[in-house]
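The structure appears below as C-alpha coordinates.
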Amino acid sequence: MRQSKYFLKTSKTTPADDLSVNAKLLEQGGFVQKVLAGVYDFLPLGLRVLQKIENIVRLEMDKIGDEMFMPVLHPKENWEKTGRWAALDVLFKIKSQHGNEYALGPTHEEIVTPAAQSIISSYKDLPLAVYQIQTKFRDEPRAKSGLLRGREFRMKDLYSFHATAKDMEDYYNNKAMPAYEAVYKALGLDAILTEASGGTFSKYSHEYQVETENGEDTIYVCGKCGLAKNKEIFEEGAECTNCGKTTWRETKGAEVGNIFKLQDKYSKAFNLQYTAQDGSKKIVLMGCYGLGTTRAMGVIVEKFHDDKGIIWPESVAPFKVHLLALKGAEKKADEIYQTLLDTGVEVLYDDRDVSPGVKFADSDLIGIPYRIIVSEKTLAQESVEVKKRSEKEAKSVKISEIVSALK
Ligand code: ATP
Ligand code: MG
(Lines give C-alpha, C1' and ligand atoms only; values in the text may rest on other atoms or scores of the structure.)
(Ligands and ions follow the chains in the order given, each with its own letter.)
Protein backbone atom coordinates (compact mmCIF):
# COMPACT_ATOMS: atom_id res chain seq x y z
CA MET A 1 0.00 0.00 0.00
CA ARG A 2 1.42 3.36 -1.03
CA GLN A 3 1.01 5.75 1.87
CA SER A 4 0.75 8.76 -0.46
CA LYS A 5 -2.50 7.30 -1.82
CA TYR A 6 -3.85 5.65 1.32
CA PHE A 7 -6.97 6.82 3.17
CA LEU A 8 -4.82 7.71 6.16
CA LYS A 9 -3.70 10.79 8.00
CA THR A 10 -1.94 10.78 11.33
CA SER A 11 -2.56 13.61 13.73
CA LYS A 12 -0.77 15.43 16.54
CA THR A 13 -3.98 16.42 18.29
CA THR A 14 -5.02 14.27 21.21
CA PRO A 15 -8.72 13.56 21.76
CA ALA A 16 -9.99 16.23 24.15
CA ASP A 17 -12.59 14.13 25.92
CA ASP A 18 -10.83 10.79 26.28
CA LEU A 19 -7.61 10.29 28.22
CA SER A 20 -7.19 6.59 27.57
CA VAL A 21 -4.05 5.43 25.81
CA ASN A 22 -5.93 3.41 23.20
CA ALA A 23 -8.19 6.31 22.21
CA LYS A 24 -5.20 8.63 21.92
CA LEU A 25 -2.94 6.34 19.91
CA LEU A 26 -5.63 4.82 17.69
CA GLU A 27 -7.06 8.22 16.78
CA GLN A 28 -3.67 9.89 16.31
CA GLY A 29 -2.35 6.93 14.33
CA GLY A 30 -5.26 7.08 11.89
CA PHE A 31 -6.78 3.72 12.84
CA VAL A 32 -10.15 5.01 14.01
CA GLN A 33 -12.11 8.23 14.01
CA LYS A 34 -14.73 9.15 16.54
CA VAL A 35 -18.21 9.77 15.15
CA LEU A 36 -19.95 10.20 18.49
CA ALA A 37 -19.32 9.01 22.04
CA GLY A 38 -18.76 5.25 21.83
CA VAL A 39 -19.10 5.11 18.03
CA TYR A 40 -16.10 4.97 15.72
CA ASP A 41 -15.18 4.80 12.06
CA PHE A 42 -12.67 2.07 11.46
CA LEU A 43 -10.41 3.60 8.83
CA PRO A 44 -8.58 1.25 6.42
CA LEU A 45 -5.58 0.89 8.75
CA GLY A 46 -7.79 0.12 11.76
CA LEU A 47 -10.01 -2.25 9.81
CA ARG A 48 -6.97 -4.34 8.89
CA VAL A 49 -6.19 -4.82 12.59
CA LEU A 50 -9.80 -5.62 13.48
CA GLN A 51 -10.04 -8.14 10.64
CA LYS A 52 -6.87 -9.87 11.81
CA ILE A 53 -8.26 -10.12 15.34
CA GLU A 54 -11.59 -11.44 14.06
CA ASN A 55 -9.89 -13.97 11.80
CA ILE A 56 -7.92 -15.31 14.77
CA VAL A 57 -11.19 -15.62 16.69
CA ARG A 58 -12.86 -17.28 13.67
CA LEU A 59 -10.04 -19.80 13.29
CA GLU A 60 -10.51 -21.06 16.85
CA MET A 61 -14.32 -20.85 16.90
CA ASP A 62 -14.58 -22.86 13.67
CA LYS A 63 -13.09 -25.76 15.66
CA ILE A 64 -15.97 -25.76 18.13
CA GLY A 65 -18.96 -24.34 16.23
CA ASP A 66 -20.49 -23.25 12.92
CA GLU A 67 -20.46 -19.63 11.81
CA MET A 68 -23.77 -17.94 11.01
CA PHE A 69 -24.96 -14.34 10.84
CA MET A 70 -27.95 -12.88 12.65
CA PRO A 71 -29.71 -9.55 12.20
CA VAL A 72 -29.14 -6.38 14.18
CA LEU A 73 -32.83 -5.41 14.05
CA HIS A 74 -34.82 -7.60 16.44
CA PRO A 75 -38.58 -8.02 16.95
CA LYS A 76 -39.81 -6.58 20.24
CA GLU A 77 -41.86 -9.74 20.96
CA ASN A 78 -38.72 -11.86 21.32
CA TRP A 79 -37.35 -9.51 23.96
CA GLU A 80 -40.69 -9.46 25.76
CA LYS A 81 -40.69 -13.26 25.87
CA THR A 82 -37.53 -13.27 27.97
CA GLY A 83 -38.48 -10.23 30.02
CA ARG A 84 -35.47 -8.32 28.80
CA TRP A 85 -37.42 -5.66 26.85
CA ALA A 86 -38.11 -4.12 30.26
CA ALA A 87 -35.20 -5.50 32.28
CA LEU A 88 -32.13 -4.79 30.16
CA ASP A 89 -31.17 -1.19 30.87
CA VAL A 90 -28.78 -0.84 27.94
CA LEU A 91 -31.24 -2.06 25.29
CA PHE A 92 -31.59 0.33 22.35
CA LYS A 93 -35.27 0.53 21.37
CA ILE A 94 -36.38 1.72 17.95
CA LYS A 95 -39.80 2.93 16.87
CA SER A 96 -40.50 2.76 13.16
CA GLN A 97 -42.63 5.19 11.17
CA HIS A 98 -45.26 2.43 10.97
CA GLY A 99 -45.53 2.24 14.74
CA ASN A 100 -43.64 -1.03 15.17
CA GLU A 101 -40.99 -1.39 17.83
CA TYR A 102 -37.67 -3.13 17.53
CA ALA A 103 -34.52 -3.70 19.55
CA LEU A 104 -31.00 -3.22 18.24
CA GLY A 105 -29.19 -6.41 19.20
CA PRO A 106 -26.94 -6.07 22.26
CA THR A 107 -26.55 -9.90 22.33
CA HIS A 108 -28.45 -12.64 20.49
CA GLU A 109 -30.06 -15.21 22.81
CA GLU A 110 -33.46 -13.82 21.74
CA ILE A 111 -32.69 -14.60 18.11
CA VAL A 112 -30.56 -17.73 18.23
CA THR A 113 -32.90 -19.68 20.53
CA PRO A 114 -35.94 -19.53 18.22
CA ALA A 115 -33.60 -20.16 15.28
CA ALA A 116 -32.50 -23.41 16.92
CA GLN A 117 -36.11 -24.55 17.21
CA SER A 118 -36.27 -25.49 13.55
CA ILE A 119 -32.94 -27.36 13.73
CA ILE A 120 -33.29 -29.28 17.00
CA SER A 121 -36.01 -31.85 17.47
CA SER A 122 -34.37 -35.05 18.71
CA TYR A 123 -31.57 -35.94 21.13
CA LYS A 124 -29.77 -37.08 17.98
CA ASP A 125 -29.49 -33.44 16.89
CA LEU A 126 -27.50 -32.51 20.00
CA PRO A 127 -25.02 -31.13 20.85
CA LEU A 128 -24.81 -28.15 18.46
CA ALA A 129 -22.99 -24.83 18.54
CA VAL A 130 -23.22 -21.72 16.37
CA TYR A 131 -21.46 -18.40 16.48
CA GLN A 132 -21.29 -15.07 14.73
CA ILE A 133 -18.99 -12.07 14.67
CA GLN A 134 -21.11 -8.97 14.59
CA THR A 135 -21.81 -5.38 15.50
CA LYS A 136 -23.66 -4.99 18.80
CA PHE A 137 -25.50 -2.01 20.21
CA ARG A 138 -25.74 -1.07 23.87
CA ASP A 139 -27.02 2.20 25.26
CA GLU A 140 -24.11 2.46 27.70
CA PRO A 141 -24.53 5.38 30.13
CA ARG A 142 -20.84 6.21 29.90
CA ALA A 143 -19.04 5.40 26.68
CA LYS A 144 -15.41 6.19 27.37
CA SER A 145 -11.91 4.77 27.16
CA GLY A 146 -11.87 4.53 23.38
CA LEU A 147 -12.60 1.05 22.10
CA LEU A 148 -12.89 -0.38 25.61
CA ARG A 149 -16.51 0.68 25.95
CA GLY A 150 -18.56 1.45 22.88
CA ARG A 151 -22.23 2.01 22.22
CA GLU A 152 -21.68 0.32 18.89
CA PHE A 153 -18.99 -2.37 19.09
CA ARG A 154 -18.03 -5.75 17.69
CA MET A 155 -18.40 -9.05 19.45
CA LYS A 156 -18.07 -12.74 18.72
CA ASP A 157 -20.95 -14.56 20.35
CA LEU A 158 -21.25 -18.32 20.39
CA TYR A 159 -24.20 -20.37 21.64
CA SER A 160 -24.16 -24.08 22.46
CA PHE A 161 -27.11 -26.47 22.80
CA HIS A 162 -27.10 -29.64 24.88
CA ALA A 163 -29.28 -32.54 25.98
CA THR A 164 -27.71 -32.89 29.43
CA ALA A 165 -26.01 -30.74 32.05
CA LYS A 166 -23.00 -33.04 31.84
CA ASP A 167 -22.67 -32.41 28.13
CA MET A 168 -23.01 -28.64 28.66
CA GLU A 169 -20.30 -28.73 31.35
CA ASP A 170 -18.06 -30.79 29.11
CA TYR A 171 -18.40 -28.37 26.20
CA TYR A 172 -17.87 -25.37 28.48
CA ASN A 173 -14.73 -26.76 30.14
CA ASN A 174 -13.15 -28.80 27.38
CA LYS A 175 -14.10 -26.99 24.18
CA ALA A 176 -14.98 -23.36 24.90
CA MET A 177 -12.29 -22.66 27.51
CA PRO A 178 -9.39 -24.09 25.47
CA ALA A 179 -10.63 -22.20 22.38
CA TYR A 180 -10.69 -18.95 24.36
CA GLU A 181 -7.20 -19.56 25.71
CA ALA A 182 -5.93 -20.20 22.17
CA VAL A 183 -7.47 -16.93 20.93
CA TYR A 184 -5.88 -14.79 23.65
CA LYS A 185 -2.53 -16.49 23.20
CA ALA A 186 -2.59 -15.77 19.47
CA LEU A 187 -3.54 -12.14 20.17
CA GLY A 188 -0.54 -11.81 22.50
CA LEU A 189 -2.81 -11.22 25.50
CA ASP A 190 -2.35 -12.74 28.92
CA ALA A 191 -6.00 -13.25 29.88
CA ILE A 192 -6.75 -14.17 33.49
CA LEU A 193 -9.57 -16.63 34.07
CA THR A 194 -11.86 -14.87 36.54
CA GLU A 195 -14.90 -16.07 38.44
CA ALA A 196 -17.75 -13.60 38.22
CA SER A 197 -21.39 -13.64 39.14
CA GLY A 198 -23.36 -15.90 36.85
CA GLY A 199 -26.68 -14.19 37.39
CA THR A 200 -29.52 -16.40 38.52
CA PHE A 201 -28.74 -19.50 36.51
CA SER A 202 -25.38 -20.77 37.74
CA LYS A 203 -22.98 -20.06 40.56
CA TYR A 204 -20.28 -18.47 38.44
CA SER A 205 -19.74 -17.23 34.98
CA HIS A 206 -16.15 -16.92 33.82
CA GLU A 207 -14.61 -13.75 32.56
CA TYR A 208 -11.30 -13.37 30.81
CA GLN A 209 -9.63 -10.29 32.24
CA VAL A 210 -6.50 -8.58 30.97
CA GLU A 211 -4.62 -6.65 33.63
CA THR A 212 -4.48 -2.99 32.63
CA GLU A 213 -4.66 0.38 34.36
CA ASN A 214 -7.59 1.57 32.25
CA GLY A 215 -9.62 -1.57 32.97
CA GLU A 216 -12.97 -0.89 34.61
CA ASP A 217 -13.06 -4.04 36.71
CA THR A 218 -11.34 -4.70 40.01
CA ILE A 219 -10.19 -8.29 40.29
CA TYR A 220 -8.41 -10.37 42.92
CA VAL A 221 -5.80 -12.75 41.58
CA CYS A 222 -4.85 -15.82 43.64
CA GLY A 223 -1.19 -15.58 44.64
CA LYS A 224 -0.73 -19.34 44.28
CA CYS A 225 -2.55 -20.57 41.16
CA GLY A 226 -3.45 -17.38 39.26
CA LEU A 227 -7.23 -17.89 39.17
CA ALA A 228 -9.04 -14.60 39.83
CA LYS A 229 -12.32 -13.42 41.29
CA ASN A 230 -14.20 -10.31 40.23
CA LYS A 231 -14.67 -7.80 43.07
CA GLU A 232 -18.48 -7.96 42.76
CA ILE A 233 -18.45 -11.54 44.18
CA PHE A 234 -15.31 -11.35 46.22
CA GLU A 235 -15.47 -11.85 49.99
CA GLU A 236 -12.64 -10.90 52.28
CA GLY A 237 -10.80 -14.05 53.40
CA ALA A 238 -12.38 -16.19 50.68
CA GLU A 239 -10.58 -19.38 49.68
CA CYS A 240 -9.52 -19.88 46.08
CA THR A 241 -11.98 -22.25 44.39
CA ASN A 242 -9.10 -23.89 42.60
CA CYS A 243 -6.30 -24.27 45.20
CA GLY A 244 -7.81 -23.29 48.55
CA LYS A 245 -5.30 -20.52 49.30
CA THR A 246 -6.38 -17.14 50.68
CA THR A 247 -3.65 -14.82 49.38
CA TRP A 248 -5.06 -12.38 46.84
CA ARG A 249 -3.56 -9.55 44.84
CA GLU A 250 -5.90 -6.70 43.90
CA THR A 251 -5.57 -5.27 40.40
CA LYS A 252 -7.47 -3.67 37.50
CA GLY A 253 -8.75 -5.67 34.55
CA ALA A 254 -10.47 -5.18 31.21
CA GLU A 255 -13.01 -7.91 30.46
CA VAL A 256 -12.19 -9.32 27.03
CA GLY A 257 -14.52 -12.31 27.25
CA ASN A 258 -17.34 -13.76 29.31
CA ILE A 259 -18.75 -17.27 29.18
CA PHE A 260 -21.97 -18.50 30.82
CA LYS A 261 -23.83 -21.68 31.47
CA LEU A 262 -27.31 -20.48 30.65
CA GLN A 263 -28.91 -23.81 31.58
CA ASP A 264 -32.60 -23.56 30.52
CA LYS A 265 -33.13 -19.80 30.94
CA TYR A 266 -33.66 -18.97 27.27
CA SER A 267 -34.72 -22.40 26.01
CA LYS A 268 -37.59 -22.29 28.53
CA ALA A 269 -38.67 -18.83 27.40
CA PHE A 270 -38.93 -20.06 23.79
CA ASN A 271 -39.93 -23.61 24.68
CA LEU A 272 -36.91 -25.09 22.91
CA GLN A 273 -37.34 -28.82 23.45
CA TYR A 274 -36.02 -32.09 22.11
CA THR A 275 -37.38 -35.61 22.15
CA ALA A 276 -35.29 -37.81 24.43
CA GLN A 277 -34.39 -41.45 23.76
CA ASP A 278 -37.37 -42.63 25.84
CA GLY A 279 -39.75 -40.50 23.75
CA SER A 280 -40.32 -37.84 26.41
CA LYS A 281 -39.98 -34.10 25.70
CA LYS A 282 -37.10 -32.36 27.44
CA ILE A 283 -35.87 -28.80 27.57
CA VAL A 284 -32.61 -28.02 25.75
CA LEU A 285 -29.73 -26.65 27.86
CA MET A 286 -27.59 -23.80 26.55
CA GLY A 287 -24.30 -22.03 27.05
CA CYS A 288 -23.25 -18.64 25.70
CA TYR A 289 -19.77 -17.35 25.08
CA GLY A 290 -18.95 -13.71 24.28
CA LEU A 291 -15.69 -12.11 23.21
CA GLY A 292 -15.34 -8.42 22.43
CA THR A 293 -13.20 -8.00 19.32
CA THR A 294 -13.08 -4.19 19.23
CA ARG A 295 -12.44 -4.08 22.97
CA ALA A 296 -9.62 -6.61 22.46
CA MET A 297 -8.10 -4.21 19.91
CA GLY A 298 -8.21 -1.40 22.48
CA VAL A 299 -6.71 -3.64 25.16
CA ILE A 300 -3.85 -4.67 22.86
CA VAL A 301 -2.96 -0.98 22.45
CA GLU A 302 -3.21 -0.42 26.22
CA LYS A 303 -0.71 -3.27 26.68
CA PHE A 304 1.67 -2.74 23.78
CA HIS A 305 2.87 0.82 23.35
CA ASP A 306 5.61 3.21 24.41
CA ASP A 307 5.79 7.01 24.56
CA LYS A 308 6.17 7.17 20.76
CA GLY A 309 3.24 5.01 19.74
CA ILE A 310 1.81 1.52 19.31
CA ILE A 311 3.87 -1.68 19.19
CA TRP A 312 1.54 -4.19 17.47
CA PRO A 313 2.06 -7.91 18.07
CA GLU A 314 2.85 -9.38 14.67
CA SER A 315 -0.32 -11.51 14.62
CA VAL A 316 -2.61 -8.46 14.50
CA ALA A 317 -0.39 -5.77 12.97
CA PRO A 318 -2.00 -3.95 10.02
CA PHE A 319 1.10 -4.63 7.92
CA LYS A 320 4.24 -6.62 8.59
CA VAL A 321 6.63 -4.08 7.12
CA HIS A 322 6.74 -0.29 7.03
CA LEU A 323 9.02 0.66 4.14
CA LEU A 324 10.40 4.22 4.33
CA ALA A 325 11.94 5.82 1.26
CA LEU A 326 14.24 8.71 2.08
CA LYS A 327 15.31 11.41 -0.39
CA GLY A 328 17.37 10.17 -3.32
CA ALA A 329 16.47 6.52 -2.71
CA GLU A 330 12.94 6.55 -4.16
CA LYS A 331 13.71 4.49 -7.24
CA LYS A 332 15.37 1.66 -5.35
CA ALA A 333 12.64 1.79 -2.69
CA ASP A 334 10.03 1.36 -5.45
CA GLU A 335 11.82 -1.82 -6.55
CA ILE A 336 12.04 -3.16 -3.01
CA TYR A 337 8.35 -2.40 -2.54
CA GLN A 338 7.54 -4.41 -5.65
CA THR A 339 9.72 -7.33 -4.51
CA LEU A 340 8.01 -7.41 -1.12
CA LEU A 341 4.57 -7.37 -2.76
CA ASP A 342 5.61 -10.14 -5.15
CA THR A 343 6.74 -12.34 -2.27
CA GLY A 344 3.48 -11.79 -0.39
CA VAL A 345 4.81 -9.55 2.37
CA GLU A 346 2.19 -7.09 3.68
CA VAL A 347 3.85 -3.72 3.34
CA LEU A 348 2.91 -0.10 3.92
CA TYR A 349 5.21 2.00 1.73
CA ASP A 350 5.88 5.55 2.90
CA ASP A 351 6.52 7.15 -0.48
CA ARG A 352 5.29 10.59 0.65
CA ASP A 353 7.25 13.73 -0.05
CA VAL A 354 7.79 14.63 3.60
CA SER A 355 10.85 14.92 5.86
CA PRO A 356 12.58 11.85 7.34
CA GLY A 357 11.62 13.09 10.81
CA VAL A 358 7.92 13.01 9.94
CA LYS A 359 8.28 9.53 8.44
CA PHE A 360 10.06 8.18 11.51
CA ALA A 361 7.57 9.71 13.93
CA ASP A 362 4.57 8.38 11.98
CA SER A 363 6.18 4.98 11.72
CA ASP A 364 6.70 4.80 15.49
CA LEU A 365 3.14 5.98 16.09
CA ILE A 366 1.55 3.44 13.71
CA GLY A 367 3.65 0.65 15.19
CA ILE A 368 4.18 -1.81 12.33
CA PRO A 369 6.55 -4.61 13.52
CA TYR A 370 9.40 -4.13 10.97
CA ARG A 371 10.68 -0.83 9.64
CA ILE A 372 12.86 -0.78 6.55
CA ILE A 373 14.69 2.43 5.68
CA VAL A 374 16.09 2.97 2.21
CA SER A 375 18.37 5.99 1.92
CA GLU A 376 21.33 7.15 -0.15
CA LYS A 377 23.51 6.21 2.79
CA THR A 378 22.25 2.62 3.02
CA LEU A 379 22.31 2.22 -0.75
CA ALA A 380 26.02 3.06 -0.78
CA GLN A 381 26.43 -0.29 1.03
CA GLU A 382 23.84 -1.97 -1.25
CA SER A 383 21.80 -2.42 1.86
CA VAL A 384 18.82 -1.16 3.85
CA GLU A 385 18.30 -0.57 7.54
CA VAL A 386 15.90 -2.95 9.27
CA LYS A 387 14.56 -2.17 12.73
CA LYS A 388 11.98 -3.98 14.78
CA ARG A 389 9.46 -1.63 16.41
CA SER A 390 9.96 -3.51 19.68
CA GLU A 391 13.75 -3.14 19.66
CA LYS A 392 16.13 -0.20 19.88
CA GLU A 393 18.91 -1.28 17.55
CA ALA A 394 18.60 -1.35 13.77
CA LYS A 395 20.65 -3.68 11.62
CA SER A 396 22.01 -3.40 8.12
CA VAL A 397 20.66 -5.97 5.66
CA LYS A 398 21.82 -6.52 2.06
CA ILE A 399 19.09 -5.71 -0.45
CA SER A 400 19.24 -9.23 -1.84
CA GLU A 401 18.63 -10.64 1.65
CA ILE A 402 15.64 -8.54 2.78
CA VAL A 403 13.00 -11.19 2.16
CA SER A 404 14.90 -13.92 3.99
CA ALA A 405 15.74 -11.54 6.85
CA LEU A 406 12.00 -11.01 7.42
CA LYS A 407 11.29 -14.73 7.78
P1 ATP B 1 -19.20 -5.06 30.81
O2 ATP B 1 -19.27 -5.70 32.17
O3 ATP B 1 -17.82 -4.63 30.43
O4 ATP B 1 -20.24 -4.02 30.58
P5 ATP B 1 -20.74 -7.24 29.90
O6 ATP B 1 -20.41 -8.21 30.97
O7 ATP B 1 -22.03 -6.54 29.92
O8 ATP B 1 -19.55 -6.18 29.77
P9 ATP B 1 -21.06 -9.33 27.96
O10 ATP B 1 -22.50 -9.28 27.74
O11 ATP B 1 -20.47 -10.38 28.80
O12 ATP B 1 -20.55 -7.89 28.47
O13 ATP B 1 -20.36 -9.25 26.52
C14 ATP B 1 -19.33 -10.10 26.08
C15 ATP B 1 -18.07 -9.31 25.76
O16 ATP B 1 -18.34 -8.22 24.89
C17 ATP B 1 -17.43 -8.67 26.97
O18 ATP B 1 -16.63 -9.61 27.65
C19 ATP B 1 -16.61 -7.56 26.34
O20 ATP B 1 -15.38 -8.08 25.86
C21 ATP B 1 -17.46 -7.15 25.16
N22 ATP B 1 -18.25 -5.94 25.47
C23 ATP B 1 -19.34 -5.85 26.25
N24 ATP B 1 -19.81 -4.59 26.29
C25 ATP B 1 -18.99 -3.85 25.51
C26 ATP B 1 -18.94 -2.47 25.13
N27 ATP B 1 -19.86 -1.60 25.57
N28 ATP B 1 -17.94 -2.07 24.30
C29 ATP B 1 -17.01 -2.94 23.85
N30 ATP B 1 -17.01 -4.25 24.15
C31 ATP B 1 -17.98 -4.71 24.98
MG1 MG C 1 -19.55 -9.78 30.90
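The values are calculated or read from the model by the stated rules, or taken from the named source; none is laboratory data. Model, not experiment: these values are computed from the prediction. Backbone-built Cβ (ideal geometry, glycine too); neighbour counts: all protein chains shown. These area figures cover heavy atoms from the full protein model, side chains too; ligands, DNA and RNA do not enter into them. Shrake-Rupley method; radii C 1.70, N 1.55, O 1.52, S 1.80 Å.
Brief remarks on what is shown
- Flag for residue 282 being within 23 Å of residue 130 (Cα to Cα) and surrounded by fewer than 19 Cβ atoms within 10 Å (Cβ to Cβ): yes
- Which listed residue is within 18 Å of residue 58 (Cα to Cα), more than 15 Å from the chain's Cα centre (by Cα) and touching a residue at least 24 places away in the same chain (Cβ under 8 Å), from 180, 184, 172, 204: 172
- Being crowded, with 19+ Cβ neighbours inside 10 Å, under 24 Å from the mean Cα position of the chain (by Cα), hydrophobic (A, V, I, L, M, F, W, C) and within 28 Å of residue 53 (Cβ to Cβ) is a condition met by no residue of segment 323-343.
- Sole residue being at pLDDT 95 or above and open to solvent by 20 Å² or more (accessible area, probe 1.4 Å), chosen from 194, 200, 251: 251
- Verdict on residue 152 being acidic (Asp, Glu), in contact with a helix residue (DSSP H, G or I) (Cβ under 6 Å, 6 or more places away or on another chain) and closer than 26 Å to residue 38 by Cβ: no
- Look at (1) within 16 Å of ligand 1 (Cβ to nearest atom); (2) over 23 Å from residue 165 (Cβ atoms) and you find that residue 246 fails only one, number (1).
- For segment 353-388, the tally of residues that are under 20 Å from residue 335 (Cα atoms) and part of a strand (DSSP E or B) stands at 10.
- Filtered residues of segment 153-177 (kept if among the hydrophobic types (A, V, I, L, M, F, W, C) and part of a helix (DSSP H, G or I)): 165, 168, 176, 177
- Considering segment 298-315, and only residues there that are surrounded by 22 or more Cβ atoms within 10 Å (Cβ to Cβ) and either under 22 Å from residue 135 (Cα atoms) or under 15 Å from the mean Cα position of the chain (by Cα) (or both), the residue that is farthest from ligand 1 (Cβ to nearest atom) turns out to be 312.
- Contact annotation: residue pairs with Cβ atoms under 6 Å, 6 or more positions apart or on different chains, pairing a residue in segment 35-49 that is within 16 Å of residue 5 (Cβ to Cβ) with a partner that is within 16 Å of ligand 1 (Cβ to nearest atom), are 45/31.
- Verdict on residue 262 being at negative phi, in contact (Cβ under 8 Å) with a residue 24 or more places away in the chain, more than 16 Å from ligand 1 (Cβ to nearest atom) and over 18 Å from the mean Cα position of the chain (by Cα): no
- Unique match (being at pLDDT below 95 and either surrounded by fewer than 14 Cβ atoms within 10 Å (Cβ to Cβ) or among the basic types (Lys, Arg) (or both)) among 142, 151: 142
- In the set (1) open to solvent by less than 80 Å² (accessible area, probe 1.4 Å); (2) part of a loop (DSSP other than H, G, I, E, B), the condition left unmet by residue 119 is number (1).
- Which numbered condition residue 60 fails, given (1) touching a residue at least 40 places away in the same chain (Cβ under 8 Å); (2) out of contact with any strand residue (DSSP E or B) (no Cβ under 8 Å at 6 or more places or on another chain); (3) assigned to a loop (DSSP other than H, G, I, E, B): (3)
- Pick from segment 286-297, criterion within 8 Å of the chain's Cα centre (by Cα) and open to solvent by less than 10 Å² (accessible area, probe 1.4 Å), ranking: farthest from ligand 2 (Cβ to nearest atom): 297
- Subset of segment 388-407 (residues that are in contact with a strand residue (DSSP E or B) (Cβ under 7 Å, 6 or more places away or on another chain) and surrounded by 13 or more Cβ atoms within 10 Å (Cβ to Cβ)): 388, 389, 394, 397, 399, 402, 405, 406
- Test: residue in segment 338-359 that is at negative phi and in contact with a His (Cβ under 7 Å, 6 or more places away or on another chain): yes
- Test: residue in segment 266-276 that is within 16 Å of ligand 2 (Cβ to nearest atom), farther than 25 Å from residue 151 by Cα and basic (Lys, Arg): no
- Screening residue 213 with (1) charged (D, E, K, R); (2) outside any loop (DSSP other than H, G, I, E, B); (3) more than 14 Å from ligand 2 (Cβ to nearest atom) gives one miss only, at (2).
- Residue check, residue 274 touching a residue at least 12 places away in the same chain (Cβ under 8 Å), closer than 30 Å to residue 126 by Cβ and of a type in the set (Ser, Thr, Tyr): yes
- Positions within segment 63-110 being farther than 12 Å from residue 136 by Cβ, in contact (Cβ under 8 Å) with a residue 24 or more places away in the chain, open to solvent by less than 80 Å² (accessible area, probe 1.4 Å) and in contact with an Asp or Glu (Cβ under 8 Å, 6 or more places away or on another chain), in sequence order: 76, 78, 79, 82, 84
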